[in-house]
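Report on the following structure.
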Amino acid sequence: MSQIKKVLIANRGEIAVRIIRACREMGIETVAVYSEADREALHTQLADEAICIGPAASAESYLSMDRIISATIISGADAIHPGFGFLSENSKFAELCEQCHITFIGPGSDVIARLGNKQEARNTMMAAGVPVIPGSKEPVYDAQEGAKIAAEIGYPVIVKAALGGGGKGMRVAQTPEEFENSFRTAQKETQMAFGDNTMYIEHFVQHPRHIEFQILADSHGHVIHLGERDCSIQRNHQKMIEESPCEAISDELRNRMGEAAVRAAKAAGYMNAGTIEFLLEKSGNFYFMEMNTRIQVEHPVTEWVTGIDLIKEQIRIAAGRELSYRQEDVKLTGHAIECRINAENPARGFRPSPGTITDMYLPGGKGIRIDSAIYSGYTIPPYYDSMIAKLIVWAKNRDEAIRKMQSALGEVIIEGIDTNVDYQYEILSDPDFIAGNTDIEFIGTFEKARREA
């Protein structure tokens, strides 16, 4: 078992701050890396050391493997935490860490590579007996070949990029007549976004919930799940509001889905924190969608309902320690909701709103948590993701959690830029959301109702 003494955080923003705080509590030194645009960022001020790794452009800073590895070696850090986004699911970066004898706080490079390819991940799950959506067993490159497969699967179908993510390279075909155009459009987008034209085809599950199970796995063969998160409130495949537990899942269904998630992680030879994502139909049928080989943006809701610090567990696992918990120790208590606060203008097509925060007030109190890296006078750069804070609440039950979130959102003041706070408040006040009548198409219906009001 190795001892991690100094961690370099290969990320920025609130997740970098979150990791720094966890390390500080564990007595571990931290190194922040930053681009020239992030010189005044909070994570650079909180870490024990901070190293500039290049210009504002991500490709020349936060995505530069060589510069991050060099910063690690120069600083004497013995581990790297990649956070989420950027290089967190890049198997080449994880392999480079392994070659340089730097502990990568995440799964092995071979596992990341295997699960990063959606078709290979799907085949792994099928072999493990994890339910998967009916779809193509081999990569598809040609629209005519794809049309034959789609007819066998049954319409509607969805065409997906084999190496994609973030909603890019995805198109739905409701009928055979729509298929060719959907396939060619998705493939063209895939080529532009990922430099790859490999596609696969699945049956399109209509009106599902997006449910993900948090996994922890150590190097001693122990794998547990920490319950589920309902991530159905999303726009353009980007999550907006997440909660745990899911209103639609019974204890019996939770056990079945959790067991499937654990089987999936074991089949992949997984180690560290990860997330198994499922689509859940109203009938109770669920299907494996993908596995995320990193910490998730929405991890705080799981921390609230389980009392388990996921970042600390990641670090302990990477150091070779056994899990601090067994499955029977995991109890879900109360209800947690997270709202992602973005610097954007919903009234103008969610246009990003970088700029200087002239004044701000964030709520506090029992059961309220803020994960953020902003402060009054901070200038939000225009080069990165628009998320600037996460507001997370916990209460005894879902109704109380919703009211607490409404109250907390009503207290948020962030001046000098536009945010989506009022938009989030509207969602939390929607009768269907309050009743738990949600699925991944909720936002489309919600926005249509707003336009017609």
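The values are calculated or read from the model by the stated rules, or taken from the named source; none is laboratory data. It should be emphasised that the depicted structure is a prediction, and the values quoted were computed from it without experimental measurement. Cβ atoms come from the backbone with ideal geometry, glycine included; neighbour counts cover every protein chain shown.
Quick notes on this one:
- Residue check, Leu409 over 19 Å from His237 (Cα atoms), assigned to a helix (DSSP H, G or I), at pLDDT 95 or above and not acidic (Asp, Glu): yes
- Within the stretch 2-20, tally of residues that are touching a Ser or Thr at 6+ places or on another chain (Cβ under 7 Å), outside any strand (DSSP E or B) and within 23 Å of His101 (Cα to Cα): 3
- Checking each residue in the stretch 74-84 for being over 19 Å from Ser35 (Cα atoms) and either among the charged types (D, E, K, R) or assigned to a helix (DSSP H, G or I) (or both) picks out only Asp78.
- Of everything listed in (1) assigned to a loop (DSSP other than H, G, I, E, B); (2) among the hydroxyl-bearing types (Ser, Thr, Tyr); (3) closer than 29 Å to Pro354 by Cβ, the single unmet condition for Tyr423 is (1).
- Scanning the stretch 290-303 for residues that are surrounded by 24 or more Cβ atoms within 10 Å (Cβ to Cβ) and either hydrophobic (A, V, I, L, M, F, W, C) or not assigned by TED's automatic domain parsing to the domain that holds His222 (or both) turns up Met291, Ile295, Val301.
To keep it simple, each residue is scored yes or no on (1) within 23 Å of Thr275 (Cβ to Cβ); (2) assigned to a helix (DSSP H, G or I); (3) in contact (Cβ under 8 Å) with a residue 12 or more places away in the chain.
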{"residue": "Ala22", "(1), (2), (3)": "yes, yes, yes"}
{"residue": "Gln45", "(1), (2), (3)": "no, yes, no"}
{"residue": "Ile51", "(1), (2), (3)": "no, no, yes"}
{"residue": "Asp66", "(1), (2), (3)": "no, yes, no"}
{"residue": "Thr72", "(1), (2), (3)": "no, yes, yes"}
{"residue": "Phe86", "(1), (2), (3)": "yes, no, yes"}
{"residue": "Glu89", "(1), (2), (3)": "yes, no, yes"}
{"residue": "Phe93", "(1), (2), (3)": "yes, yes, yes"}
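- Whichever residue in the stretch 150-175 is surrounded by fewer than 19 Cβ atoms within 10 Å (Cβ to Cβ) and β-branched (Val, Ile, Thr) and, among such residues, is nearest to Ala121 (Cα to Cα): Ile153
- Number of positions in the stretch 259-288 that are in contact with a helix residue (DSSP H, G or I) (Cβ under 9 Å, 6 or more places away or on another chain) and either crowded, with 22+ Cβ neighbours inside 10 Å or of a type in the set (A, V, I, L, M, F, W, C) (or both): 16
- Flag if Glu178 is at pLDDT 90 or above and either in a helix (DSSP H, G or I) or exposed (fewer than 14 other Cβ atoms within 10 Å of the Cβ) (or both): yes
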